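Just so you know, all these numbers are worked out from the coordinates, no wet-lab data involved. Because the structure is predicted, anything quoted here is derived from the model rather than measured. Every residue, glycine as well, gets a Cβ built from its backbone with ideal geometry; the counts of neighbours run over all protein chains shown.
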Amino acid sequence: MESVEQIAELHRRHGIPGIAQVIAGHGGLPKVSVAVPDATGEMYLLGGHVTSWRPAGLEEVLFVSAATRWQEGRAIRGGIPICFPWFGNKADDPKAPAHGFVRAVPWKLESISQAGGSVAVSMFTESDANTNKWWSADFRLALRATFGRELRLELEMANTGNAGLQFEEALHTYFRVADVEKVRICGLDSVRYLDKTDAFREKAQHGDLAIGKETDSVYLNTRHAVELQDPGLRRRIQVSKENSLSTVVWNPWVEKAKAMSDFGDEEWKQMVCVETANVGQFAATLAPGSKHVLKAAIQVTSL
Ligand code: TA6
């Protein structure tokens, strides 16, 4: 983990006075903290992990568990974990870390820049001997998060090797809600999905999605934007996307919440994940020397 001196050096090189600073966050982990008139936000170097986005005049949009461990080697529970290069358990290795290996390691800070009224923070991670233990590919993965009236995310995967690649990816976004049982998720009507709570059976979504039990659904071949309606916080959260054919909706509900040591037993009521992804049969493929950019844009309006 970066020392105090290393964090100070990152701030000296990348900080923007009054706009963006590099400081020690929870657990002493380095983070970029941004504040512009339109929004505030935070992004940790651990996992290239966005943990906060708060448009001016509105409440925090992202959920982060109060039980998060804040330590290298473990993903932050909440915010926007980056799942790569596989989603869920690794098909051919049950001992491999769930959701891949990039969310629990420190990324490098590439740049902080102002773009109109927004601030863009770019971080990246690259293949090395450690990643090659799990996946032989050569790659560079970068996340550019632009904090403003909307939150724009661009996950750029570069194939730096000389072989074609196939990989899964997800922006595993945890949204903060007042009461998940009163939330409705719109935009997936008639889309087919795999129900991971029912042996991955393929089903069709009928109308808006309500959360009344453990929910773990992988929507298939969908480019649709999704709208999360939260009457308790009197807001709508729109998630639009590009270069993504999978949308995942997850709430652990009571028993799974109790089983997670870095998640409060009652916290399932205040969150729902709506994930922008390419997983399963919609995994991405990439020729040598090529790039693929998964994009999501998140906006909040009043309900
Ligand atoms: O995206 C939903 C999911 O795959 C669930 O099956 C559950 O495992 C969740 O991700 C959280 O996974 P994690 O490894 O972060 O505990």
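With 19 Å as the limit, the listed pairs LYS31/LYS291; LYS241/LYS291; LYS213/LYS269 have LYS31/LYS291 beyond it between alpha carbons.
Say R0 is 45 Å: what FRET efficiency, to the nearest 0.05, do ALA66 and SER290 get from their beta-carbon distance?
Details: r = 41 Å, r/R0 = 0.92.
That gives a FRET efficiency of 0.65.
Taken over the Cα atoms of segment 60-125, the convex hull encloses 119 Å³ per residue. Based on alpha-carbon atoms, the Kirkwood radius and the radius of gyration of segment 13-114 give Rg/Rh equal to 1.01. The mean sequence separation of alpha-carbon pairs under 8 Å and at least six residues apart, normalised by the residue count of the chain, gives a relative contact order of 17 percent. For the modelled label position 7 Å from the Cα of GLU255 along Cα-to-Cβ, which residues of segment 186-208 have backbone nitrogen atoms closer than 14 Å? Hits in segment 186-208 for GLU255 at 14 Å: 197-199.
Report D for segment 102-199 in µm² per second (integer): Stokes-Einstein, Kirkwood Rh on Cα pairs, 37 °C, 0.692 mPa s. Estimated via Stokes-Einstein, D reaches 194 µm²/s.
Quickly estimate the mean residue ellipticity at 222 nm for the chain, helices only: each DSSP H run with n ≥ 4 gives -39500 (n - 2.57), and the total goes over all residues, rounded to 500.
Working: 3 runs with 24 residues, N = 303.
Taken over the chain, the calculation gives -2000 deg cm²/dmol.
Largest mean-square fluctuation among LEU155, LEU228, LEU58, in a Gaussian network model of the chain whose springs join Cα atoms under 10 Å apart, belongs to LEU58.
In whole Å, what is the distance between the alpha-carbon centres of segment 175-226 and segment 62-100? A separation of 21 Å, based on Cα centres.
Excluding same-chain neighbours fewer than eight residues apart, the aspartates and glutamates reachable from LYS258 by a Cα-Cα span under 13 Å are GLU214, GLU266, GLU267. The simple spin-label model puts a point 7 Å past each Cα toward its Cβ; for ASP92 and THR160 those points are separated by 2.3 nm. Length gained on full extension, ARG149 to ASN130: 3.0 nm, using 0.36 nm per residue less the C-alpha separation.
Our estimate of slack between GLU202 and GLN114, defined as 0.36 nm per intervening residue step minus the Cα-Cα distance, is 27.3 nm. Averaging Cα coordinates gives a centre for segment 150-168 and one for segment 254-281; these two points are 25 Å apart. Binning all Cα-Cα separations of segment 149-303 at 5 Å, short to long from zero, yields these whole-percent fractions: 2, 9, 17, 20, 19, 15, 10, 5, 2, 1, 0.
Please give the peptides 89-95, 272-278, 242-248 ranked by average Cβ packing (other Cβ atoms within 10 Å per residue), highest first, as a rough proxy for protection. Before the final figure, lay out each step's value.
On the way: 89-95: 10.3, 272-278: 24.6, 242-248: 20.9.
Top of the packing list down: 272-278, 242-248, 89-95.
Taking the inverse of the mean reciprocal distance over all distinct Cα pairs, the Kirkwood hydrodynamic radius of the chain comes to 19.5 Å. Each of LEU58 and ARG13 was given a label point 7 Å from its Cα along the Cα-to-Cβ line. The distance between the two points is 3.3 nm. A Gaussian network model of the chain, with springs between Cα atoms under 10 Å, assigns the largest mean-square fluctuation among VAL239, VAL50, VAL254 to VAL254.
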